[in-house]
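Peer 1: What follows is a structure written as structure tokens; I'll ask about it next.
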Amino acid sequence: MEGVMMRGKTAMAMAVRSPGGDILLETKRLKSGGKWYSKVPVLRGLIAFFVSLFTGVDTLLKSASVSAPEDEVPGKGWMTFSVILGLALGIGLFILLPSFLATLLFDTWLKINSVLLSSLLEGVLRILIFVLYLFLVSRIKDIRRTFMYHGAEHRTINCYEKGLDLTVENVQKCSTRHNRCGTTFLFFVMIVSILIFSLANWLFSIAGISAENYGKVANIFIKFGIRLALLPFVAGLSYELLKFLAFLPDNAFTNILRAPGLALQRLTTYPPTDDMAEVALKSFLAVAEMDNDPNIAEVSFGEIPIAEIRAIIAKELEGTNADCSESDWILCDALKKRRNELREVTKTDINQYRRIREILERRKNCEPLWYVLGYTDFYRNRIIVNNSALIPRPETELLCETAIKLIGDAPAAVLDLCTGSGCIALAVAKNTKAAVTASDISAKALSVAAQNLKGAAEIVESDLFENLAGRKFDFVISNPPYIAKAVIETLDTEVKNYEPLEALDGGEDGLDFYRRIIADAPEHLNDGGRLLLEIGYDQAAPVTELLGEKFYNIEVIKDYGGNDRVVCAAVKSENN
């Protein structure tokens, strides 16, 4: 599925295109030395047929695990069932049905007792049913794609055998048909079965096995049983015929023998796209390299060097607002490593690759990385985040740091207004002895805060101070919405399309919440209580002016970027 498997003298490789567009590779060393049966004609073909069957099922499962979503990959049980069902269908279509139709026509309708004519008709019907079957399944979209990859495989091998440079351009110039194709083998099976089954029918007639002696039903079952028993012999002979013709020189005689099988390949191979040819090349080149160098190690799907993974991440993040650190955070999540441990990892495995791909599929649509990961780190705490609350910004850590220093070791009552994810409340609760209350108007945001706080703070649903009547605190801390309404449309896509707008919109001038907080805070602050506010880089002057009437000792603190970020003020009392 969405891939090509190649087999060389010492190794095999399977390249598969993942849903994300990457080509994943799995290689395996083949056991050296041929088995004893590899030199026994007919038997080697029979064993090769069954080995190919089991290898094909295993290959299909592995390729599906890469090319299909994880929840759509069939289990081994279902795959085994489908193989058995497929074999039963094949036996029914290509053995039972032709035999039944031939018997019906000659014995029942025409009343002709001719072993030769009956056998020939049965064989012709078998070929016609087989060709019709291939034609019909090739109309199915997924099967058609598989046949296109089949064409890519043939073109790549033909390109190599012609001595051309192995490039996508050269591969696409080559034929989609090949003398050693399995489709030709199946055609030979049909032809050989006509000869073998005709001989069997003749022997039936000599032995007296007929409907007159055993009855129609018994006669049909006897013939069917013997045909099943002869199938391995038919497969073995067909293998020898394919092998013989493949190594004969090209001439008029051999071309005539090969022509029907090559013609049939028109139904099982279709011109591939360039990206399919690229997959086939990847598989072929991997086998060629391993055949030439016995020291090259096997690789499994998803085992990709970290440098290559970083290149994939960088390419996928083009067009987003990602910064240079995101690659590290994505790897940390997928590899379950700390950032300083990434240098210890040399390659990914399939599960890590899938996680990286899952992140990238969402991130390249400009969904913020921390929403994709479901968490972020803030003030030495792991904070759960989703689009019900703003993603905590590093700048807000300055607000926490300032509050923690002012609170000190003394017991205090602290209110975190507009708590959102609860990141400020958690930082204060973990680093002081304060009794913390976290408040927000959004029930969804408070559900996120509850997951982060885990009982470390009281949670109150309230529109600022509305549901906190009569309660007083030593410190009121807030990072309220402060983006001016006209500015919101100019924000990055990651912010305006994913983060909750109600947590950003500060009104026409961005100061609506400051006005309300500053007006009501004095009623909820104890004497000497402090109000700490995070502000926008250009809001220090208007916020300081708003504080002037009811607060004193007003201090503006700059962040590490040199921007005004936090305003701290003490409430006025009767004495000051």
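The values are calculated or read from the model by the stated rules, or taken from the named source; none is laboratory data. No experiment lies behind these values; they were computed from the predicted model shown. Every residue, glycine as well, gets a Cβ built from its backbone with ideal geometry; the counts of neighbours run over all protein chains shown.
Peer 1: Within segment 139-159, can one find any residue that is crowded, with 16+ Cβ neighbours inside 10 Å, under 35 Å from the mean Cα position of the chain (by Cα) and either among the aromatic types (F, W, Y) or not assigned by TED's automatic domain parsing to the domain that holds E278 (or both)? Before you say what the answer is, go through the steps one by one.
Peer 2: Initial filter on segment 139-159 (crowded, with 16+ Cβ neighbours inside 10 Å): 145-159.
With the extra rule that they be under 35 Å from the mean Cα position of the chain (by Cα), the set shrinks to 145-159.
From what's left, either among the aromatic types (F, W, Y) or not assigned by TED's automatic domain parsing to the domain that holds E278 (or both): 147, 149.
Checking segment 139-159: at least one residue is crowded, with 16+ Cβ neighbours inside 10 Å, under 35 Å from the mean Cα position of the chain (by Cα) and either among the aromatic types (F, W, Y) or not assigned by TED's automatic domain parsing to the domain that holds E278 (or both).
Peer 1: Of the conditions (1) out of contact with any Phe, Trp or Tyr (no Cβ under 6 Å at 6 or more places or on another chain); (2) farther than 14 Å from A152 by Cα; (3) assigned by TED's automatic domain parsing to the domain that holds T146, D275 clears all except one; give me its number.
Peer 2: In the conditions (1) out of contact with any Phe, Trp or Tyr (no Cβ under 6 Å at 6 or more places or on another chain); (2) farther than 14 Å from A152 by Cα; (3) assigned by TED's automatic domain parsing to the domain that holds T146, D275 misses (2) alone.
Peer 1: Going through N321, N381, N387 one at a time, which residue ends up being under 21 Å from N497 (Cα atoms), polar (S, T, N, Q) and modelled with pLDDT of 90 or more? Give the steps one after another, and end with the answer.
Peer 2: Working: N321 fails: modelled with pLDDT of 90 or more; N381 fails: under 21 Å from N497 (Cα atoms).
Answer to the check: N387.
Peer 1: Still on this structure, please answer the following. Take M14 and tell me if it is modelled with pLDDT of 75 or more and either surrounded by 12 or more Cβ atoms within 10 Å (Cβ to Cβ) or outside the structural domain of V234 (by TED's automatic domain parsing) (or both).
Peer 2: Spelling it out, M14 is indeed modelled with pLDDT of 75 or more and either surrounded by 12 or more Cβ atoms within 10 Å (Cβ to Cβ) or outside the structural domain of V234 (by TED's automatic domain parsing) (or both).
Peer 1: Counting only residues that are buried (at least 20 other Cβ atoms within 10 Å of the Cβ), more than 13 Å from L464 (Cα to Cα) and of a type outside the set (A, V, I, L, M, F, W, C), how many does segment 509-530 have?
Peer 2: 3
Peer 1: Kindly provide the set of residues from segment 525-568 that are in contact with a Cys (Cβ under 7 Å, 6 or more places away or on another chain) and not hydrophobic (A, V, I, L, M, F, W, C), ordered by number.
Peer 2: Within segment 525-568, R530, E555 meet the criteria.
Peer 1: Now a separate question. For residues that are aliphatic (A, V, I, L, M) and surrounded by 17 or more Cβ atoms within 10 Å (Cβ to Cβ), scanning just segment 491-508, find the one that is farthest from S442 (Cα to Cα). Before you say what the answer is, go through the steps one by one.
Peer 2: Residues of segment 491-508 aliphatic (A, V, I, L, M): 491, 495, 501, 503-504.
Next, only the ones that are surrounded by 17 or more Cβ atoms within 10 Å (Cβ to Cβ) stay: 495, 503-504.
Numbers: V495: 18, A503: 9, L504: 13 Å.
In this case the residue turns out to be V495.
Peer 1: For segment 485-521, how many residues are β-branched (V, I, T) and touching a Pro at 6+ places or on another chain (Cβ under 7 Å)?
Peer 2: Final tally of qualifying residues: 1.
Peer 1: Let me ask something additional. If you scan segment 143-173, which residues turn out to be touching a Cys at 6+ places or on another chain (Cβ under 6 Å), free of Cβ contacts under 8 Å to residues at least 24 places away in the same chain and among the charged types (D, E, K, R)?
Peer 2: The answer is none; no residue qualifies.
Peer 1: Enumerate the helices (runs of 4 or more DSSP H) found wholly within segment 93-187, keeping only those where 1 or more residues are modelled with pLDDT of 90 or more and within 22 Å of N255 (Cβ to Cβ).
Peer 2: The helices (runs of 4 or more DSSP H) meeting that bar are 141-161.
Peer 1: List the helices (runs of 4 or more DSSP H) inside segment 236-346, counting only whole elements, that have at least 3 residues being in contact with a Gly (Cβ under 7 Å, 6 or more places away or on another chain).
Peer 2: Fully inside segment 236-346 and qualifying: 274-292.
Peer 1: Look at P542 and say whether it is surrounded by fewer than 19 Cβ atoms within 10 Å (Cβ to Cβ) and at pLDDT 90 or above.
Peer 2: Yes, satisfied.
Peer 1: Quick check: is even one residue across segment 306-316 under 23 Å from R382 (Cβ atoms) and either crowded, with 20+ Cβ neighbours inside 10 Å or within 19 Å of the chain's Cα centre (by Cα) (or both)?
Peer 2: Residues of segment 306-316 under 23 Å from R382 (Cβ atoms): 313.
Then keep just the ones that are either crowded, with 20+ Cβ neighbours inside 10 Å or within 19 Å of the chain's Cα centre (by Cα) (or both); that gives 313.
For segment 306-316, residues under 23 Å from R382 (Cβ atoms) and either crowded, with 20+ Cβ neighbours inside 10 Å or within 19 Å of the chain's Cα centre (by Cα) (or both): present.
Peer 1: Same structure again: With respect to the numbered conditions (1) among the acidic types (D, E); (2) in contact with a helix residue (DSSP H, G or I) (Cβ under 9 Å, 6 or more places away or on another chain); (3) not assigned by TED's automatic domain parsing to the domain that holds L132, which one is the sole condition not fulfilled by D323?
Peer 2: (2)
Peer 1: For segment 415-437, name all the residues that are among the β-branched types (V, I, T) and surrounded by fewer than 19 Cβ atoms within 10 Å (Cβ to Cβ).
Peer 2: Filtering segment 415-437 for residues among the β-branched types (V, I, T) gives 419, 424, 428, 432, 436-437.
Scanning segment 415-437 gives no hits.
Peer 1: Ok, one more. Output yes when any residue across segment 438-452 is more than 20 Å from S388 (Cα to Cα), in contact with a helix residue (DSSP H, G or I) (Cβ under 8 Å, 6 or more places away or on another chain) and crowded, with 24+ Cβ neighbours inside 10 Å, and no when none is.
Peer 2: Among the residues of segment 438-452, not one is more than 20 Å from S388 (Cα to Cα), in contact with a helix residue (DSSP H, G or I) (Cβ under 8 Å, 6 or more places away or on another chain) and crowded, with 24+ Cβ neighbours inside 10 Å, which makes the answer no.
Peer 1: I'd like to check something: does segment 524-531 contain any residue that is assigned by TED's automatic domain parsing to the domain that holds T396, more than 26 Å from A412 (Cβ to Cβ) and either charged (D, E, K, R) or in a loop (DSSP other than H, G, I, E, B) (or both)?
Peer 2: So far as segment 524-531 goes, no, none of its residues is assigned by TED's automatic domain parsing to the domain that holds T396, more than 26 Å from A412 (Cβ to Cβ) and either charged (D, E, K, R) or in a loop (DSSP other than H, G, I, E, B) (or both).
Peer 1: Right, here's the next one. Go through segment 434-454 and give me each residue that's within 32 Å of the chain's Cα centre (by Cα) and of a type outside the set (S, T, Y). So that I can check it myself, show each step before the final result.
Peer 2: Keep residues of segment 434-454 that are within 32 Å of the chain's Cα centre (by Cα), which gives 444-445, 447-449, 451-452.
Of everything in segment 434-454, those that are within 32 Å of the chain's Cα centre (by Cα) and of a type outside the set (S, T, Y) turn out to be K444, A445, V448, A449, Q451, N452.
Peer 1: Looking at segment 456-488 only, could you name the residues that are within 41 Å of the chain's Cα centre (by Cα) and in a loop (DSSP other than H, G, I, E, B)?
Peer 2: Within segment 456-488, A456, A457, N479, P480, P481, Y482, A484 meet the criteria.
Peer 1: List every residue pair whose Cβ atoms sit under 7 Å apart, with the two residues 6 or more apart in sequence or on different chains, where the first one lies in segment 297-322 and is over 18 Å from K364 (Cα atoms) and the second, anywhere, is among the hydroxyl-bearing types (S, T, Y) and not in a helix (DSSP H, G or I).
Peer 2: Hits for this filter: E298/T27; V299/T27; G302/T348; E303/T348; I304/T348; P305/T346; I306/T346.
Peer 1: Continuing with the same structure: Criterion first (part of a strand (DSSP E or B) and within 23 Å of I459 (Cβ to Cβ)) does T376 satisfy it?
Peer 2: Here the answer is yes, as T376 does meet what is asked.
Peer 1: Do we have any residue at all in segment 489-505 that's within 42 Å of the chain's Cα centre (by Cα) and assigned to a strand (DSSP E or B)? Walk me through it before giving the result.
Peer 2: Step one: filter segment 489-505 for residues within 42 Å of the chain's Cα centre (by Cα), giving 489-505.
Okay, now just the ones that are also assigned to a strand (DSSP E or B), so 505.
For segment 489-505, residues within 42 Å of the chain's Cα centre (by Cα) and assigned to a strand (DSSP E or B): present.
Peer 1: Considering only residues that are of a type in the set (A, V, I, L, M, F, W, C) and in contact with an Asp or Glu (Cβ under 8 Å, 6 or more places away or on another chain), which ones fall in segment 461-475? Write out each step before concluding.
Peer 2: If we filter segment 461-475 for residues that are of a type in the set (A, V, I, L, M, F, W, C), which is where we start, we get 464-465, 468-469, 473, 475.
L464, F465 - these are the residues of segment 461-475 that are of a type in the set (A, V, I, L, M, F, W, C) and in contact with an Asp or Glu (Cβ under 8 Å, 6 or more places away or on another chain).
Peer 1: Could you look through segment 545-574, keep only residues that are more than 17 Å from L417 (Cβ to Cβ) and more than 56 Å from the chain's Cα centre (by Cα), and pick out the one that is surrounded by the fewest Cβ atoms within 10 Å (Cβ to Cβ)?
Peer 2: E574
Peer 1: Could I ask something else about it? Scan R354, R362 and give me the residue that is crowded, with 21+ Cβ neighbours inside 10 Å and either touching a Pro at 6+ places or on another chain (Cβ under 6 Å) or within 25 Å of G20 (Cα to Cα) (or both).
Peer 2: Values: R362 fails: crowded, with 21+ Cβ neighbours inside 10 Å.
Criteria check complete, one pass: R354.
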